[in-house]
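Data block below; observations after.
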Amino acid sequence: MKKWVRVLMLILLCGFAVILSGGLALGMYYQSNFPVNTWINGIYCTGKSIEEVNGELVTQTMFPNISVLDRDGKTWVIPAEEVELKPDYTESLRRYLKDNTAITWMNQLKKPAEVVLEDVKWRWDDDKLAESVKMLGFVRKEESEEKGCVVEFSDTDGYFLYDGNADRLNYGAALSYIKSSLFQGNLEIDLREGNCYEKLEDSVKDVSQRQLWKQLEDFFDCKIVYDMGAEQIPLTPAILSNFIKADENHRILTDENGMIILDEERVEQWVEQLAESYNTCGTALEFQSTRGDIVNVRYDTYGTELDTETEKKYLVAAMKEERTETIFHIPAYKQEGFARGLDDIGKTYIEVDMTSQHMYYYEDGELMLDTDIVTGNTGRRMGTPEGINFVYNKQRNRVLRGADYATKVKYWMPVRGSVGIHDAGWRKEFGGEIYQRNGSHGCINTPPEMMAELYEMVEIGTPVIMFY
């Protein structure tokens, strides 16, 4: 072989060895440093170490806060800076380098590698995290809440069981679960999913209070609803709590067998209070008149009055019985209005405005009839009396008699004694000031054609509101 050939081959071998050695050297170098043309999360990484790239990624990352959900689903926030929460991409960067060393880096000579790393680990200060968790509102509240069970009383809700043994936060378990969640990259942590709440063991006193509460639950399940017409009044725990014998501090008194005692006197007091709310007999009503003003009218023959003695006996007896179905109880009345409820006038009534000498009939709130009328002669001191009365009868072709008269009418609806609403065919005019000089003996004179209509529409019992 010629000498120049041997020299050329030697040169080529040396060049190849140099190239191979360089490639191997770069491969070795890129095991701990990033290859050429490498971009990670927008950062140029070529030639940089894992620590250097991680530092730059940490600098550009926005640090989110830690969110902790308590047992009620309320979110509490721990600021990132408070616990020195920082991201750490070291493991992700190390994995990337492992997959992109040796020969594969050469591919990037032609095409740059633009990589997005989303797998991030979080680092924090353990002591500061423990202190921050301890200072969360629900954790501090948990520490201040009493343990144990006790039956307590509320003015608005009545008796209830305070259970200080159920769903108690285990601070150590909660802190461990928060750390475990952070290790997994989860910054939204629901303690309800981490077995962070536990039930404490009942003491002998706790067991006794639970037994008392079981009696109360049975007592509260009385299934009685007072049907007051427009209103329904269920006997709720708040009401029933006042039917139980207790001392001035609402501590429940029991008999020799440890059973709660029905306080019959307080049951009767509740019936009296119910009657005070619904009784209208002898009271006055602020009535919105059709003419626009509010007039004060006293209940006269009309009104509502509960039979309290009958109701007291009923309710005391009913509270001692067990029921499987709800009873809608209509109370006993001494006098019952046409409409039942707090508003016992309702939306169906006759309005007699004696100042305007006009009468209106409303049915279910709709004006069905209005007409001029003539009421009692005030000049002769026979004015029609004011008050809330009712149609207590209806008659056709009645003869109305008085000391000096006997008058036949076709339609007669008495509302208060001998005072009633009737047709007055002998009158040619109605309304105005006729009543002051030529009024009736006290009745409400109505045009015959209007009276015929009214008579057909009105039911016995309909309220009649009469005022000047």
**Message:** Take the conditions crowded, with 16+ Cβ neighbours inside 10 Å, part of a strand (DSSP E or B) and in contact with a helix residue (DSSP H, G or I) (Cβ under 7 Å, 6 or more places away or on another chain) and apply them to Met466. Does it pass?
**Reply:** no
**Request:** Among the residues of segment 395-419, count how many are within 50 Å of the chain's Cα centre (by Cα) and surrounded by fewer than 18 Cβ atoms within 10 Å (Cβ to Cβ).
**Result:** 0
**Message:** Between a residue in segment 47-73 that is in contact (Cβ under 8 Å) with a residue 12 or more places away in the chain and more than 15 Å from Asp88 (Cα to Cα) and any residue that is part of a helix (DSSP H, G or I) and open to solvent by 30 Å² or more (accessible area, probe 1.4 Å), which pairs come within a Cβ distance under 6 Å, given they are 6 or more apart or on different chains?
**Reply:** Arg71/Arg192
**Prompt:** Which one is surrounded by the most Cβ atoms within 10 Å (Cβ to Cβ), of the residues in segment 421-442 that are touching a residue at least 24 places away in the same chain (Cβ under 8 Å) and under 16 Å from Arg396 (Cβ atoms)?
**Reply:** Ile421
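Of all residues being more than 22 Å from Asn296 (Cβ to Cβ) and open to solvent by less than 60 Å² (accessible area, probe 1.4 Å) in segment 380-394, which is modelled with the lowest pLDDT? Just the residue, please.
Within segment 380-394, the match that is modelled with the lowest pLDDT is Met382.
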**Request:** Considering (1) open to solvent by 20 Å² or more (accessible area, probe 1.4 Å); (2) assigned to a helix (DSSP H, G or I), say which one Val271 fails and leave the rest.
**Result:** (1)
**Message:** Can you say whether Glu81 is at pLDDT below 95, over 30 Å from Met135 (Cα atoms), part of a helix (DSSP H, G or I) and open to solvent by 30 Å² or more (accessible area, probe 1.4 Å), as far as the supplied structure shows?
**Reply:** no
**Message:** Among (1) loosely packed, with under 12 Cβ neighbours inside 10 Å; (2) under 30 Å from the mean Cα position of the chain (by Cα); (3) at positive phi, there is one condition Asp218 misses while meeting the rest; what is its number?
**Reply:** (3)
**Prompt:** What pairs come up if the first residue lies in segment 274-285 and is under 16 Å from Lys312 (Cβ atoms), the second is buried (at least 18 other Cβ atoms within 10 Å of the Cβ) and among the charged types (D, E, K, R), and their beta carbons are under 9 Å apart, counting only those six or more places apart or on different chains?
**Reply:** Leu274/Glu311; Ala275/Glu311; Tyr278/Arg340; Tyr278/Asp344
**Request:** Among what's in segment 130-170 and is of a type in the set (A, V, I, L, M) and touching a helix residue (DSSP H, G or I) at 6+ places or on another chain (Cβ under 7 Å), pick the residue that is farthest from Pro79 (Cα to Cα).
**Result:** Val151
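Take the residues in segment 286-327 that are of a type in the set (Lys, Arg) and touching a residue at least 40 places away in the same chain (Cβ under 8 Å); name whichever of them is farthest from Asn242 (Cα to Cα). Working first, answer last.
As a first pass, look at segment 286-327 and keep what is of a type in the set (Lys, Arg): 291, 298, 312-313, 320, 323.
Pick out the ones that are also touching a residue at least 40 places away in the same chain (Cβ under 8 Å) and you get 291, 298, 312, 320, 323.
Details: Arg291: 46, Arg298: 34, Lys312: 15, Lys320: 15, Arg323: 20 Å.
For segment 286-327, the residue satisfying everything is Arg291.
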**Request:** Run Thr75 past the list (1) out of contact with any Cys (no Cβ under 9 Å at 6 or more places or on another chain); (2) surrounded by 14 or more Cβ atoms within 10 Å (Cβ to Cβ) and report the number of the one that doesn't hold.
**Result:** (2)
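Has segment 132-151 got any residue that is open to solvent by 60 Å² or more (accessible area, probe 1.4 Å), of a type in the set (A, V, I, L, M) and more than 30 Å from Leu212 (Cα to Cα)?
Yes: segment 132-151 contains one or more residues that are open to solvent by 60 Å² or more (accessible area, probe 1.4 Å), of a type in the set (A, V, I, L, M) and more than 30 Å from Leu212 (Cα to Cα).
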**Request:** Taking only segment 90-109 into account, find how many residues are modelled with pLDDT of 60 or more and outside any helix (DSSP H, G or I).
**Result:** 1
**Fill in**
Sole miss for Glu459 among (1) open to solvent by 50 Å² or more (accessible area, probe 1.4 Å); (2) modelled with pLDDT of 95 or more; (3) in contact with a strand residue (DSSP E or B) (Cβ under 8 Å, 6 or more places away or on another chain) is condition (3)
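For segment 289-343, give me each residue that is basic (Lys, Arg) and open to solvent by 60 Å² or more (accessible area, probe 1.4 Å). Explain how you work it out, then say what you get.
Pass one, segment 289-343, residues basic (Lys, Arg): 291, 298, 312-313, 320, 323, 334, 340.
Within segment 289-343, Arg291, Arg298, Lys313, Lys320, Lys334 meet the criteria.
Restrict the check to segment 229-238 and report whether at least one residue is farther than 22 Å from Gly158 by Cα and either free of Cβ contacts under 8 Å to residues at least 60 places away in the same chain or surrounded by fewer than 17 Cβ atoms within 10 Å (Cβ to Cβ) (or both). Reasoning before the result, please.
Kept after step one, since they are farther than 22 Å from Gly158 by Cα, are these residues of segment 229-238: 229-230.
After this cut, where a residue has to be either free of Cβ contacts under 8 Å to residues at least 60 places away in the same chain or surrounded by fewer than 17 Cβ atoms within 10 Å (Cβ to Cβ) (or both) as well, the list is 230.
Checked segment 229-238: at least one residue is farther than 22 Å from Gly158 by Cα and either free of Cβ contacts under 8 Å to residues at least 60 places away in the same chain or surrounded by fewer than 17 Cβ atoms within 10 Å (Cβ to Cβ) (or both).
The values are calculated or read from the model by the stated rules, or taken from the named source; none is laboratory data. Note that the structure is a prediction, hence the values are computed from the model and not measured. Using ideal geometry, Cβ is built from the backbone for each residue, glycine included, and neighbour counts are taken over all protein chains shown. Side chains included, ligands, DNA and RNA excluded: accessible areas come from the protein's heavy atoms. Shrake-Rupley method; radii C 1.70, N 1.55, O 1.52, S 1.80 Å.
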